[in-house]
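Here, each number is a calculation from the coordinates, and none is a lab measurement. Remember, predicted model here, so these are calculated numbers, not experimental data. Here the Cβ is made from the backbone with ideal geometry for all residues, glycine too, and neighbour counts use every protein chain on show.
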Amino acid sequence: MGGGGSTSAKMAGGKSTQQSAAEVGSGKERTASSSERKGNSQQILLLGSAGVGKTTILKQLMACWGKGFSDEQKTQAVLAIRKNIVTFGEHLVRFAAEDGSYNVSDETVEKAETLEGINLGAEDDAKNEQIGQLIATILKDEGVIAARPELKADNIDDQLVYDSVLNFLPKIDEVFSKEFVPSLHDIIVLRHPTKDITYCDIVWRGNEFRIKDVGGQIQHRESWRGAFAETDVVMFIVSLDDYNRVESKKNRLMEARELFKEIVQTDELKKCPIVVLLNKEDLFRKKVIKESLSQCPAFGDKAERREGENDEDYTERALKYVFEYFRQTYCKYADMKEGDAAAIERYCTCATDDNFVSNSMMAVFKTFLTQANNSLANAGL
């Protein structure tokens with residue numbers, strides 16, 4: 001989607017907004033002045049580990065069914081994209097130079113060192129263009145090019161940066177130019193850690209929703225309880241790609257399950273229906289046929305591919321295993337009475353898909369409304 005085009009964000013009954021791509025989105029989400037319930041809106045709480053795609057989902061909903069983004073947020077998006085590129089360039093050159101086997105030139109190393117602590121001012125167009133040209137030159141070093149496929153992130157924050165930057169490397173000069181206006185796709189694929197609780201009000205088929213997104217980093221979870229009040233539905237996001245990822249010696253999918261266990265036992269959320277979004281389905285489908293789900297200790301040998309099983313059948317079985325992993329946790333630890341049906345639904349998604357809302361979220365919101373109506377009926381209202 002180009003930077004100067006016009007995009008209609010009317011999606012199957014959602015609130016229609018007419019916005020140019022220049023007006024859409026930033027990585028810095030709108031924060032409401034209060035977490036209090038807005039009128040009769042349904043309160044949806046986004047939860048999940050760091051890096052699973054919560055903020056990407058929020059941005060998609062804001063772009064299609066929300067009120068858009070402020071000028072300040074658009075400016076912050078451009079700065080965040082540039083900052084990610086600078087960080088990536090620094091890390092890549094440092095890795096290549098320290099490894100010693102990539103023959104990175106001394107001149108490239110010296111240029112990369114000038115990026116450390118550099119100030120990306122929004123108003124200094126000439127300086128920003130110079131920084132872009134510097135990074136483009138650094139990344140053309142043959143040793144740096146050779147090292148790029150081997151650069152591994154040490155933590156989830158760096159992983160978010162590396163994943164995001166891949167979308168912008170082919171157009172570095174454009175990104176650092178004063179004319180650069182990010183497209184809707186640019187905004188969606190921009191990744192950075194969420195450190196604060198943020199809010200977004202949307203309207204879908206005449207129904208109002210307030211979406212609350214909280215940071216997934218461990219160090220910020222003590223602030224979560226402030227967002228739990230008056231929650232109607234929990235949307236728990238799981239990254240399917242995490243099944244064989246390890247951070248701090250912990251399998252990330254298993255760590256997500258432990259977090260989910262805590263959530264379903266939380267007093268404020270025990271009565272809330274839960275929608276589990278198995279996100280990053282596109283990455284999972286490509287990876288699991290080469291790297292078995294059995295690499296996750298939670299599944300072991302039962303998740304190995306069976307003799308004669310084709311790619312599609314194995315992938316579908318693996319997806320069911322992952323959902324069952326969370327469904328069984330819900331059934332075991334949620335406050336359920338004997339005979340109760342588990343109020344948990346599963347959807348597989350790809351939050352960076354340009355058609356994410358029409359492909360995935362319409363079905364999710366139908367579920368929200370059904371569950372809300374059931375809750376009212378059970379309460380005799």
Give me the count of lysine pairs in segment 35-139 whose alpha carbons sit under 27 angstrom apart, restricted to pairs 8 or more positions apart or on different chains.
16
Dipole of segment 73-188, Cα-centred, from +1 at each Lys and Arg C-beta and -1 at each Asp and Glu C-beta, to the nearest 20 debye?
380 debye
Using 0.36 nm per residue, how much length does the chain from LYS302 to ASN359 gain when fully extended, once their Cα-Cα distance is taken away?
17.4 nm
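May I ask you to sort GLU255, GLU268 by Cβ crowding, counting other Cβ atoms within 10 Å and putting the fewest first? Don't jump to the answer; show the numbers that get you there.
Details: GLU255 18, GLU268 15.
The fewest-first ordering by Cβ neighbours comes to GLU268, GLU255.
Between ALA136 and LYS271, how high is the FRET efficiency from 1/(1 + (r/R0)^6) when r is the Cβ-Cβ distance and R₀ = 51 Å? Nearest 0.05. Walk me through the numbers on the way to the answer.
Working: r = 54 Å, r/R0 = 1.07.
The calculated FRET efficiency here is 0.40.
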Treating only Lys and Arg (+1) and Asp and Glu (-1) as charged, each at its beta carbon, one finds that segment 142-208 has a dipole about its Cα centre, in Debye to the nearest 20, of 120 debye
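How much net charge surrounds ARG317 when only the other residues with a Cβ under 12 Å from the Cβ of ARG317 are counted, with Lys and Arg +1 and Asp and Glu -1?
Numbers: positive: LYS302, ARG305, ARG306, LYS320; negative: GLU304, GLU309, ASP311, GLU312, ASP313, GLU316, GLU324.
Net charge in that neighbourhood comes out at -3.
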Please name which of VAL165, ILE237, ILE188 has its Cα lying farthest along the dipole of segment 162-313 towards the positive end, using unit charges on Cβ (Lys, Arg +1; Asp, Glu -1) and the Cα centre as origin.
ILE237
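Give me Rg/Rg_expected for segment 55-198, where Rg uses Cα atoms only and Rg_expected = 2.2 N^0.38 Å with N residues.
Numbers: Rg = 15.9 Å, N = 144, 2.2 N^0.38 = 14.5 Å.
It is 1.09.
Can you give the local net charge around PHE176? Use residues other than it whose beta-carbon is closer than 13 angstrom to its beta-carbon, Lys and Arg +1, Asp and Glu -1.
Numbers: positive: ARG82, LYS83, LYS127, LYS171, LYS178; negative: ASP124, ASP125, GLU129, ASP173, GLU174, GLU179.
Net charge in that neighbourhood comes out at -1.
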Potential extension, ASP106-ASP158 segment - 0.36 nm per residue separation minus Cα distance:
16.2 nm
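Are there GluC sites (Glu not before Pro) in segment 41-132 that DSSP marks as loop and that have at most 16 other Cβ atoms within 10 Å, and which are they?
Details: sites: GLU72, GLU90, GLU98, GLU107, GLU110, GLU113, GLU116, GLU123, GLU129; in loops: GLU116, GLU123.
Passing sites in segment 41-132 are GLU116, GLU123.
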